[in-house]
Ligand code: SF4
Ligand code: SF4
């Protein structure tokens, strides 16, 4: 990835943008949808990732997956606030971004507006955990209806961006985007630990590992994905908030592709900080109880409409059906349909890999059990 590049079209910004690296679009692009509203911050995803990939000695701070509390939690410390202080408030005109991306805001002689955290910034993954915004909780607040104070959990992995800031930044071309599925990887043999990818990634999801003197990052569980399985953080999610699949650009969106449907058709899932300009491929169903001004900075315009569409999901059988397919299988399903009150997922070969009833059947046992001559009071 070396030559000076032309402009690329970033559909999340609804405009062309300068991208200083060569672009080779992959055959397909991995993507995730995380429903923030359902997360309970149990960190099972974090541990599933850690025990699979970074359980070795010296990897205590390698949190490729982390779940932080917003607005006060960050990993590493202040990663988003510090970059946004450099960039200024995001400016949108309608759906079009009119501010500068991290590529366009690069200082003279540099390709990207970067940020290299200090070693200590990586040492506090729980900072800000469960801290609320909007003052303190007062007596009687629980009776006040709309919550005055708020916080929410933000689940974070590498976004396997369409225009990654990490890939071209590496002077040794150690970071690359797989042509078959767009997964971004760091070649551990080539890497010399210069940390240009860490500096460039606006999400700080490329991390330096001092014992090996290499940079490392989320690998999208590529051995599993290659065999048709969803990633570990998705499969192990207790809240069933996660879905893995493949996304198409808006002009090629397929209604029966689960990720396309959530992002392009129902429009309930939004990218995180699209103003950075990397076209990230993790999409979030925004939290419905958070002030819209905060959500607008974080997920861009259209966030209020996304909240409205999500609230109306009970009246939209197709959307409701797809939401119950989250966490229903470890297999990747690239097509779904909803019929006869059931949601069904199919893999690339057309095999059914998930079937879930939309309305859960209810079984009521008789109050009096003749066989045992007992009454069943509140017996589960
Ligand atoms: S496992 Fe799921 S519910 Fe638990 S913290 Fe992770 S994303 Fe949230
Ligand atoms: S999130 Fe960061 S590390 Fe991941 S692909 Fe994007 S720029 Fe690279």
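Residues that are surrounded by fewer than 17 Cβ atoms within 10 Å (Cβ to Cβ), under 23 Å from the mean Cα position of the chain (by Cα) and either within 16 Å of ligand 1 (Cβ to nearest atom) or more than 30 Å from residue 254 (Cα to Cα) (or both) do occur in the stretch 63-76.
Looking only at the stretch 24-42, residues that are surrounded by 15 or more Cβ atoms within 10 Å (Cβ to Cβ) and either assigned to a loop (DSSP other than H, G, I, E, B) or in contact with a helix residue (DSSP H, G or I) (Cβ under 6 Å, 6 or more places away or on another chain) (or both) come to 6 in all.
Going residue by residue through the stretch 73-87, is there one that turns out to be free of Cβ contacts under 8 Å to residues at least 60 places away in the same chain and touching a strand residue (DSSP E or B) at 6+ places or on another chain (Cβ under 7 Å)? Yes, the stretch 73-87 contains a residue that is free of Cβ contacts under 8 Å to residues at least 60 places away in the same chain and touching a strand residue (DSSP E or B) at 6+ places or on another chain (Cβ under 7 Å).
Criterion first (in contact with a strand residue (DSSP E or B) (Cβ under 8 Å, 6 or more places away or on another chain), within 15 Å of ligand 2 (Cβ to nearest atom), in a loop (DSSP other than H, G, I, E, B) and modelled with pLDDT under 95) does residue 111 satisfy it? No; evaluated as a whole, the condition is false for this residue.
Would you confirm, using the coordinates I've provided, whether residue 51 is free of Cβ contacts under 8 Å to residues at least 12 places away in the same chain, under 23 Å from residue 156 (Cβ atoms), within 16 Å of ligand 1 (Cβ to nearest atom) and out of contact with any helix residue (DSSP H, G or I) (no Cβ under 8 Å at 6 or more places or on another chain)? In short, yes. Considered as a group, the residues in the stretch 345-375 that are within 18 Å of residue 320 (Cβ to Cβ) and assigned to a loop (DSSP other than H, G, I, E, B) include one that is nearest to the chain's Cα centre (by Cα), and that residue is 358. On inspection, residue 258 does not qualify as under 13 Å from the mean Cα position of the chain (by Cα) and buried (at least 24 other Cβ atoms within 10 Å of the Cβ).
If you filter the stretch 141-168 down to residues that are buried (at least 17 other Cβ atoms within 10 Å of the Cβ) and not in a loop (DSSP other than H, G, I, E, B), you find that the one that is farthest from ligand 2 (Cβ to nearest atom) is 152. Applying the set (1) assigned to a loop (DSSP other than H, G, I, E, B); (2) farther than 23 Å from residue 105 by Cα; (3) more than 10 Å from ligand 2 (Cβ to nearest atom) to residue 171 leaves exactly one unmet item: (2). Looking only at residues in the stretch 263-283 that are under 24 Å from residue 348 (Cα atoms) and within 16 Å of ligand 1 (Cβ to nearest atom), the one that is surrounded by the most Cβ atoms within 10 Å (Cβ to Cβ) is 269. Comparison of 45, 49 shows that the only residue that is within 16 Å of ligand 2 (Cβ to nearest atom) and assigned to a helix (DSSP H, G or I) is 49. For the stretch 133-152, filtering for residues that are under 23 Å from residue 75 (Cα atoms) and either touching a residue at least 40 places away in the same chain (Cβ under 8 Å) or in contact with a helix residue (DSSP H, G or I) (Cβ under 6 Å, 6 or more places away or on another chain) (or both) leaves 4. Against the test of being under 22 Å from the mean Cα position of the chain (by Cα) and free of Cβ contacts under 8 Å to residues at least 40 places away in the same chain, the options 184, 167 yield a single qualifying residue, 184. For the stretch 50-62, enumerate the residues that are touching a strand residue (DSSP E or B) at 6+ places or on another chain (Cβ under 8 Å) and closer than 17 Å to residue 120 by Cα. 58, 59, 61, 62 - these are the residues of the stretch 50-62 that are touching a strand residue (DSSP E or B) at 6+ places or on another chain (Cβ under 8 Å) and closer than 17 Å to residue 120 by Cα. When we screen 323, 319 for residues that are out of contact with any strand residue (DSSP E or B) (no Cβ under 8 Å at 6 or more places or on another chain) and crowded, with 17+ Cβ neighbours inside 10 Å, the only hit is 319. Restricting attention to the stretch 250-273, the residues that are assigned to a loop (DSSP other than H, G, I, E, B) and over 18 Å from residue 299 (Cα atoms) add up to 5.
The values are calculated or read from the model by the stated rules, or taken from the named source; none is laboratory data. Everything numeric in this text was worked out from a predicted model, so none of it was measured. Note that each Cβ is placed from the backbone with ideal geometry, even for glycine, and that neighbours are counted across all protein chains shown.
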